[in-house]
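Have a look at the structure below, then the notes.
The values are calculated or read from the model by the stated rules, or taken from the named source; none is laboratory data. Just so you know, these numbers come straight off a predicted model, no measurement behind them. FYI the Cβ positions are ideal-geometry reconstructions off the backbone, even for glycines, and counts take in every protein chain you see.
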Amino acid sequence: MKVTAPAAAVGRWVRARFSARRWSGLYLTVTLTVFALYFRSFLVITNGLAEASPLVARDPGMALLVAATRTPSGIRFNWIATLFGEPAVQTVLALIVVALLLVWGKRAYAALVAATMSSGLLLQTLVKIAVARPRPPLSLAVIALPNSYSFPSGHAMSSALLLGILAFIALREERRWWVRLLTAGGAGTGALLVGVSRVYLGVHWVSDVMAGWALAGAWLALCIGGFLMLRRYGRTWPDTRPVLPEHTAEVLSVGVALLVSGVVVWSALNDPVLERALVVPPAVELHASRVVAQPDVARLPVFSEKPDGTTMEPIGTVFVGTRAQLKDAFRRAGWSVADPATFVTVVRAFTDGALDRPYNTAPVTPTLLGGHTQDVAFERPQGRPTVRVRHHTRWWMTSFTAGGEPIWVATMSFDEGITLGSDIVLPSHRIAPDIDAERNLVIGELIATGRVSREPTVAVSTPVRGTNAQGDAWFSGGEASVLLAR
């Protein structure tokens, strides 16, 4: 069969794209293909900011879920991880890597590291300015929010660039397979931990971090691909004689890596920023009396908040007493303490909700009030035991005391069914709109236990209506009951 001239030309062009004879062949094809795959991911995430894609729309809910699962040890660990991605630390690490490569006589690799890191810093800065995405609300952050824009995460991108280059060099130069595997695995783990730490500490959205990783992958493809093409087809700085013998250079490299890592960890654990994040502010005594009166309301947090920082329903109850007294009253009333929201409990709640099975201690959706998620939640099924229909209430311990005892505030609502339209990464319930009716039911059951007494109600707002984070409507007269532990 005779092949036409155009078809033959196309065939020659395709074969040339996969030929290793010229730089414009296989090397360029692989470089541009890998770049395109990563850069397309970056563009999809970026476009999602304008179109509110599912990933971007889930950002607030995922950030709130992370905030609800924070612990002091988790904050310490993630602060160490995030410090490795700090711009100043990344700069020092890059300079140390360049210096060690020069000791090994690897001038071309040293130039690659310097060019990749400096150009990557410029690229992320330009993208941040162009996109200009605000940081998450301050209520979600453990530490002070940086002054720069949020998208993409510079920590995630810079750490992925540096660790990616180190993994590339190790895979090319190291003969021992276990060292190559350890370096590649360590680089991937390190980049993952730095990115996750930014979300854990509340200074980046999940999509910011994913965009940082995607942009880093695209830039690594160009830098490494360009380096390989220059190495094979062009001119690069030739390697020089190592400054030290190989064994001495290895010992020096490992020693410097351990020393620098130790300094960063020590600096993180002794950083005043971490201490301020972990310190529990002392309680403020409102007055010697245990009763919370109308003038005291102005000092209390009274509105719960959506993940984006906008307000939701007002509190319906104020309680003066200890945590043990609060739990005892609900236990006597037949209520259960809700499980904390973890991966295991969320999966179980989702499964039991879908199958209409009982789960009397199912987690409730994390909700902000006064800058933090609820300290404890209680629930009781309505009618037959099922996770789909339940009474539940969230309680926050405020930073105030009355008569030496903690002041708690709470919101109440009745889950009347399951819905799948939530922006929170938890099984979502549809609430009954009359939240005052639920408050009255809860208060009545607590008083019936004889463990609490009721004081005059206080007004926390004017009559108000709105929607919660799941979009369910609610309304309230704006009054809160005051309870005292007996």
**Prompt:** Just one of the numbered conditions (1) assigned by TED's automatic domain parsing to the domain that holds H372; (2) out of contact with any helix residue (DSSP H, G or I) (no Cβ under 8 Å at 6 or more places or on another chain); (3) of a type outside the set (A, V, I, L, M) is not true of G309; which one?
**Reply:** (2)
**Complete:** Restricting attention to the stretch 293-312, the residues that are under 29 Å from the mean Cα position of the chain (by Cα), assigned to a loop (DSSP other than H, G, I, E, B) and touching a residue at least 40 places away in the same chain (Cβ under 8 Å) number exactly 7
**Request:** Report yes if Y27 is at pLDDT below 80, in a helix (DSSP H, G or I) and in contact with a helix residue (DSSP H, G or I) (Cβ under 9 Å, 6 or more places away or on another chain), otherwise no.
**Result:** yes
**Request:** Say whether the condition of being outside the structural domain of T310 (by TED's automatic domain parsing), touching a residue at least 60 places away in the same chain (Cβ under 8 Å) and of a type outside the set (D, E, K, R) is met by at least one residue in the stretch 178-190.
**Result:** yes
**Enumeration of residues in the stretch 182-195 that are surrounded by fewer than 23 Cβ atoms within 10 Å (Cβ to Cβ) and more than 12 Å from I80 (Cα to Cα)** = L182, T183, A184, G185, G186, A187, G188, T189, L192
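Condition test on I435, is it within 25 Å of V292 (Cα to Cα) and in contact with a Gly (Cβ under 9 Å, 6 or more places away or on another chain)?
yes
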**Message:** Condition check: assigned to a strand (DSSP E or B) and at pLDDT below 85. Does E416 satisfy that?
**Reply:** yes
**Complete:** Over the stretch 437-485, the set of residues surrounded by 19 or more Cβ atoms within 10 Å (Cβ to Cβ) and either of a type in the set (D, E) or on the phi > 0 side of the Ramachandran plot (or both) is E438, D472
**Test: M117 is surrounded by 24 or more Cβ atoms within 10 Å (Cβ to Cβ) and assigned to a helix (DSSP H, G or I)** = no
**Asked** For A268, all conditions in the list (1) among the aliphatic types (A, V, I, L, M); (2) free of Cβ contacts under 8 Å to residues at least 60 places away in the same chain; (3) outside the structural domain of W474 (by TED's automatic domain parsing) hold save one; what is the number of the exception?
**Response** (2)
**Item:** Evaluation of I80 against (1) in contact with a Leu (Cβ under 8 Å, 6 or more places away or on another chain); (2) loosely packed, with under 15 Cβ neighbours inside 10 Å (one fails), failing number
**Value:** (2)
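For every residue, the table says whether it meets (1) in the same structural domain as L369 (by TED's automatic domain parsing); (2) under 22 Å from N270 (Cβ atoms); (3) polar (S, T, N, Q); (4) in contact (Cβ under 8 Å) with a residue 40 or more places away in the chain.
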| site | (1), (2), (3), (4) |
| --- | --- |
| R70 | no, yes, no, yes |
| S73 | no, yes, yes, no |
| V113 | no, no, no, yes |
| N147 | no, no, yes, no |
| S150 | no, no, yes, yes |
**Message:** So the check is Cβ under 6 Å with 6+ separation or different chains; which pairs have a first residue in the stretch 313-325 that's in contact (Cβ under 8 Å) with a residue 12 or more places away in the chain and a second one that's part of a loop (DSSP other than H, G, I, E, B) and basic (K, R)?
**Reply:** V320/R290
**Asked** On the given criteria, is G234 in contact (Cβ under 8 Å) with a residue 12 or more places away in the chain and surrounded by 13 or more Cβ atoms within 10 Å (Cβ to Cβ)?
**Response** no
**Request:** Go through the stretch 313-412 and tell me which strands (runs of 3 or more DSSP E), entirely inside it, have 3 or more residues that are under 25 Å from the mean Cα position of the chain (by Cα).
**Result:** 390-402
**Item:** Pair list, Cβ < 8 Å and 6+ apart or interchain, from the stretch 80-94 residues that are closer than 15 Å to L269 by Cα to residues that are at pLDDT 90 or above and not in a helix (DSSP H, G or I)
**Value:** T82/L201
**Prompt:** Within the stretch 434-456, is even one residue outside any strand (DSSP E or B), among the hydrophobic types (A, V, I, L, M, F, W, C), under 30 Å from L355 (Cα atoms) and modelled with pLDDT under 85?
**Reply:** no
**Item:** Residue selected from the stretch 158-217 under the condition of a type in the set (D, E) and part of a helix (DSSP H, G or I), by the criterion modelled with the lowest pLDDT
**Value:** E173
